[in-house]
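Structure record follows, encoded as structure tokens.
The values are calculated or read from the model by the stated rules, or taken from the named source; none is laboratory data. Everything quoted here is computed from the prediction, not taken from an experiment. Cβ coordinates were reconstructed from backbone atoms using ideal geometry, including for glycine residues, and neighbour counts include every protein chain displayed.
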Amino acid sequence: MTPPPATDAPPVLLDVEDAVATITLNRPHAMNGLDVATKELLRDTVHHVAADPEVRCVVLTGSGRAFCVGQDLKEHLAGLKGDAAVPLSSTVEQHYNPIVQALATMPKPVVAAVNGVAAGAGASLAFAADFRVLADSAGYNTSFAGVALSCDTGSSWTLPRLVGRAKAMELLYFPRTIGADEALELGLATQVVPAEELPRAVGELAARLAAGPTVAYGAIRQTVAYSAAHPLEQSLAFEADRMALTGATEDHLAAVDAFVAKAEPAFRGR
């Protein structure tokens, strides 16, 4: 069993190496439940890496046996009983929305390394990533309706786009554990690997993404999201705008030069 962290251990860890920023939720004793301190630090950390031009790929994962079980319900209960330090009415606007907005829209790839159970807002955080690599022992549970709550952290937007509206409604209305194999079948996992191979698999994917054309990846994220909410004519115009942006990058010129020279391009992310 993983021992509780030292009292001064931050609830969110950040490691940046070779242009990959790894954000680790670090409350293993609470299955990485999201209390106020964790939500605030996660929000600030995600915004920091989103704005850092030296970061070309972001990995989100958890410590211990869970990815993230969502809202810390012990703290939440204290708020329900009148603890003014727990911002029940504003936590979605102050914490969950800014976190998932940054994860889903930052102009660089995001990978969720789902090392264990991902429930409630924890599942929603994984849904916001471009890639979800799951340990074979991991699983999802939307959880919200099980505690008589609506869904949050973007799951009303991301989940139907991943599995379709009908399946999303089923999973949200009737929360249950979705194992890794079923997650792969539904499109909620990009890859499922043995738990001991998760760091290697995620590391290889993140390294590949960090070595790629970062501006182009960001533009692709933006165009796919834009097209989901706009008609064809507007989506074509947005595509043209993003094509103009990427066509003026150093990476595009390097790629064309390399193609003509029959060589592999070396992307610099700009």
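Name the single residue that is farthest from THR105 (Cα to Cα) among those in the range 32-64 being of a type in the set (A, V, I, L, M) and buried (at least 22 other Cβ atoms within 10 Å of the Cβ).
Here is the first cut: in the range 32-64, the ones of a type in the set (A, V, I, L, M) are 34, 36-37, 41-42, 46, 49-51, 55, 58-60.
So of that shortlist, the ones also buried (at least 22 other Cβ atoms within 10 Å of the Cβ) come out as 34, 42, 46, 49, 58-60.
Details: LEU34: 21, LEU42: 16, VAL46: 11, VAL49: 12, VAL58: 12, VAL59: 14, LEU60: 15 Å.
Only one residue tops the list, namely LEU34.
Looking at this structure, is ALA113 small (Gly, Ala, Ser), in the same structural domain as GLU196 (by TED's automatic domain parsing) and closer than 21 Å to ASP18 by Cα?
Numbers: small (Gly, Ala, Ser): yes; in the same structural domain as GLU196 (by TED's automatic domain parsing): yes; closer than 21 Å to ASP18 by Cα: yes.
Spelling it out, ALA113 is indeed small (Gly, Ala, Ser), in the same structural domain as GLU196 (by TED's automatic domain parsing) and closer than 21 Å to ASP18 by Cα.
For the range 65-74, name all the residues that are surrounded by fewer than 21 Cβ atoms within 10 Å (Cβ to Cβ) and not in a loop (DSSP other than H, G, I, E, B).
Correct list: LEU73, LYS74.
Can you pull out every residue in the range 127-155 that is part of a loop (DSSP other than H, G, I, E, B) and either hydrophobic (A, V, I, L, M, F, W, C) or farther than 25 Å from GLN222 by Cα (or both)?
Pass one, the range 127-155, residues part of a loop (DSSP other than H, G, I, E, B): 128-130, 136-138, 142-143, 148-154.
Those that are part of a loop (DSSP other than H, G, I, E, B) and either hydrophobic (A, V, I, L, M, F, W, C) or farther than 25 Å from GLN222 by Cα (or both): ALA128, ALA129, ASP136, SER137, ALA138, THR142, SER143, ALA148, LEU149, SER150, CYS151.
Give the residue that is surrounded by the fewest Cβ atoms within 10 Å (Cβ to Cβ), with candidates limited to residues of the range 208-242 that are of a type in the set (Val, Ile, Thr) and farther than 12 Å from LYS108 by Cβ.
Quick first cut of the range 208-242, residues of a type in the set (Val, Ile, Thr) only: 214-215, 220, 223-224.
Adding the requirement that they be farther than 12 Å from LYS108 by Cβ leaves 223-224.
Working: THR223: 18, VAL224: 12.
Per the stated criteria, the residue is VAL224.
Contact list please: Cβ distance under 7 Å, first residue in the range 238-266 and under 15 Å from TYR217 (Cβ atoms) and among the polar types (S, T, N, Q), second residue in a helix (DSSP H, G or I) and modelled with pLDDT of 95 or more, pairs at least six apart or on different chains.
Within 7 Å, the pairs are THR246/VAL215; THR246/ALA216; THR246/ALA219; THR246/HIS252; THR249/VAL215.
Which of the following residues is among the polar types (S, T, N, Q) and in the same structural domain as GLY247 (by TED's automatic domain parsing): THR177, THR190, THR153, THR223? Full working, then the answer.
On the way: THR177 fails: in the same structural domain as GLY247 (by TED's automatic domain parsing); THR190 fails: in the same structural domain as GLY247 (by TED's automatic domain parsing); THR153 fails: in the same structural domain as GLY247 (by TED's automatic domain parsing).
After ruling out the rest, the residue left standing is THR223.
Can you give me the number of residues within the range 85-114 that are assigned to a helix (DSSP H, G or I) and not aromatic (Phe, Trp, Tyr)? Explain how you work it out, then say what you get.
Of all residues in the range 85-114, those assigned to a helix (DSSP H, G or I) come to 91-105.
Retained after the next criterion (residues that are not aromatic (Phe, Trp, Tyr)): 91-95, 97-105.
Counting residues in the range 85-114 that are assigned to a helix (DSSP H, G or I) and not aromatic (Phe, Trp, Tyr) gives 14.
Only one of ALA129, ALA148, ALA166, ALA183 is surrounded by 21 or more Cβ atoms within 10 Å (Cβ to Cβ), assigned by TED's automatic domain parsing to the domain that holds ASP72 and farther than 21 Å from ALA51 by Cα; which?
Values: ALA129 fails: farther than 21 Å from ALA51 by Cα; ALA148 fails: surrounded by 21 or more Cβ atoms within 10 Å (Cβ to Cβ); ALA166 fails: surrounded by 21 or more Cβ atoms within 10 Å (Cβ to Cβ).
Checking each option against the conditions leaves just ALA183.
Would you be able to tell me the number of residues in the range 131-146 that are in contact with a strand residue (DSSP E or B) (Cβ under 7 Å, 6 or more places away or on another chain), of a type outside the set (A, V, I, L, M, F, W, C) and under 20 Å from ALA195 (Cα atoms)? Steps first, answer last, please.
Quick first cut of the range 131-146, residues in contact with a strand residue (DSSP E or B) (Cβ under 7 Å, 6 or more places away or on another chain) only: 131-136, 138-141, 143.
After this cut, where a residue has to be of a type outside the set (A, V, I, L, M, F, W, C) as well, the list is 132, 136, 139-141, 143.
This time we only want the ones that are under 20 Å from ALA195 (Cα atoms), so: 132, 136, 139-141.
Summing the residues that are in contact with a strand residue (DSSP E or B) (Cβ under 7 Å, 6 or more places away or on another chain), of a type outside the set (A, V, I, L, M, F, W, C) and under 20 Å from ALA195 (Cα atoms) in the range 131-146 gives 5.
Would you mind stating whether GLY82 is modelled with pLDDT of 95 or more, part of a loop (DSSP other than H, G, I, E, B) and over 19 Å from ALA219 (Cβ atoms)? Step through it out loud before you land on a result.
Values: modelled with pLDDT of 95 or more: no; part of a loop (DSSP other than H, G, I, E, B): yes; over 19 Å from ALA219 (Cβ atoms): yes.
Here the answer is no, as GLY82 does not meet what is asked.
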